[in-house]
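Enquirer: Have a look at the structure that comes next, please.
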Amino acid sequence: MEISEIEIGLPITLEIKKDEQKIQFNSAVEGIDEPRRLIFLTVVEKDGKLINFGSMPINLVIHRDDDVPILFRNCHIELVKAADNKYMYCTVLKGLGVPYNRRNAFRCFVGLDVVVQVDSHKSTFDAILRDVSSTGFGLVFRKKDLENQEFGIGTQCHTHLVDAIDKFQKININLHGVICRIAEVDEEKVVYGCELMIRAYEIDKYIRAKERENLRNRS
C-alpha cells in the first residue's frame, strides 16, 4: 500500500506488543503529507490525559471498507501540536504496508450464546460466540437484535467465554477485542471478526482441552 492510497478519516489501530501481551488503541487518519511520507493521527486519551508513546515501536493497522487491513510495522509516533493548538500524532511511513493477517491461528468452534458489550454503549447485545483462537474470536449477531446499530471496523467489544472444560473444571474468560472484519452470513445474520486486544493463556488451555474432548468423541 502506497501513502497515496491512504485517505483522511480511515480508522487505524495502534498495536503495541509488551512481553506476551498485545495492547491496541483506536485512532484515525487526520492528515497526510505525501511528499514527506507523513501521516497525522487522532490522539488517544486515557483518564483524561493524552498518551505519549515516546520511542516505543508501534504497528499501525489501517482499516479499509470491504478490503484487507494494511499493516505498517515498527512505526515511531510523535505527539505534536498543530497551528490551531490541536494535538495529533505524527509518524513517518517507511516502506510499503503489507496485508494484515488477522488470525494466523487455529480456530476452535464454540457455538455458545453470549452477551456482548460494544464500545461505550450502555445496552448489551445477544450474540453467538462462533469460534475462538489464541488471537481472536468471532461473534454472530441477528440483525434485528442490533436495534439498527452499526458497529464499524476498529470498534471495541467485550464478552465472556463461559464453558466447561470437563466435569470438574469450568472456565470464565474475559474476551476484549476490536472488530477487524464484518461479513453477512445471510439476510438475518452478520458476523463480526474480532482481534483480541489482550491475549490470555486460558484461551490456549481451553482450545487444547476442547481438542482432547473432540478426539475422545471420535474414538
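Bear in mind that the values in this text are calculations on the coordinates, not laboratory data. Since this is a predicted model, take the numbers as computed values, not measurements. Heads up, the Cβs are rebuilt from the backbone with ideal geometry, glycines too, and the neighbour counts pull from every protein chain shown.
Enquirer: Kindly flag which residue pairs out of K49/K86; K22/K170; K17/K210; K144/K189; K17/K86 have an alpha-carbon separation exceeding 18 Å in this structure. Don't jump to the answer; show the numbers that get you there.
Expert: Details: K49/K86 14 Å; K22/K170 26 Å; K17/K210 28 Å; K144/K189 9 Å; K17/K86 28 Å.
Among K49/K86; K22/K170; K17/K210; K144/K189; K17/K86, the Cα-Cα distance tops 18 Å for K22/K170; K17/K210; K17/K86.
Enquirer: GNM on the chain, C-alpha springs below 10 Å: top fluctuator among R130, R36, R181?
Expert: Taking springs between Cα atoms under 10 Å, the residue moving most is R36.
Enquirer: Run the numbers for I171 and R212: contour at 0.36 nm per residue of separation, minus the present Cα-Cα distance, in nm. Each step should come with its number before you reach the end.
Expert: On the way: separation 41, 0.36 × 41 = 14.76 nm, distance 1.59 nm.
Working it through step by step, the gained length comes to 13.2 nm.
Enquirer: Between K143 and R64, with labels modelled 7 Å along Cα→Cβ, what's the label distance in nm to one decimal, could you check?
Expert: 2.6 nm
Enquirer: Which value in deg cm²/dmol, rounded to the nearest 500, describes the helix-derived mean residue ellipticity at 222 nm for the chain, given -39,500 (n - 2.57) per DSSP H run of n ≥ 4 and division by the residue count?
Expert: For the chain, the value works out to -3000 deg cm²/dmol.
Enquirer: Return a whole-number percent for the relative contact order of the chain, with Cα pairs under 8 Å and 6 or more residues apart as the contact set.
Expert: Details: 456 pairs, mean separation 32.7, N = 219.
So the answer I get is 15 percent.
Enquirer: Quote the FRET efficiency, to the nearest 0.05, computed for I8 versus V162 with a Förster distance R0 of 41 Å and r equal to the Cβ-Cβ distance.
Expert: 0.45
Enquirer: Now, a different point. Kindly express, to the nearest 10 degrees and within the range 0 to 90, the angle between helix 201-218's C-alpha long axis and the longest C-alpha principal axis of the chain.
Expert: Approximately 40 degrees, to the nearest 10.
Enquirer: Springs between alpha-carbon pairs under 10 angstrom, Gaussian network model over the chain: which of M197, M88, M56 fluctuates most?
Expert: M56
Enquirer: While we're here: Subtracting the Cα-Cα distance from 0.36 nm times the residue separation, let me have the gained length for D186 to R73 in nm, one decimal. Could you put the intermediate results ahead of the total?
Expert: Details: separation 113, 0.36 × 113 = 40.68 nm, distance 3.54 nm.
Full extension of this stretch gives 37.1 nm more.
Enquirer: Take the Cβ-Cβ distance between R107 and A28 as r, set R0 to 35 Å, and report the resulting FRET efficiency rounded to the nearest 0.05. Present the calculation step by step, with values, prior to reporting the outcome.
Expert: Working: r = 29 Å, r/R0 = 0.83.
Calculated transfer efficiency: 0.75.
Enquirer: If you don't mind, another one. Given the options L129, L93, L146, state which has the largest fluctuation in a GNM of the chain using a 10 Å cut-off (strictly under) for Cα springs.
Expert: Ranking L129, L93, L146 by mean-square fluctuation puts L146 first.
Enquirer: Can you tell me how the chain classifies by the Cα gyration tensor, rounded, prolate or oblate, using a/c under 1.5 as the rounded cut? Let's see the in-between values first.
Expert: Working: a/c = 2.07, a/b = 1.81, b/c = 1.14.
Note, shape of the chain comes out prolate.
Enquirer: Another question about this same structure. Among the aspartates and glutamates, select those whose C-alpha is under 19 Å from the C-alpha of K46, and discard any that sit fewer than 8 residues away in the same chain.
Expert: E15, E78, D119
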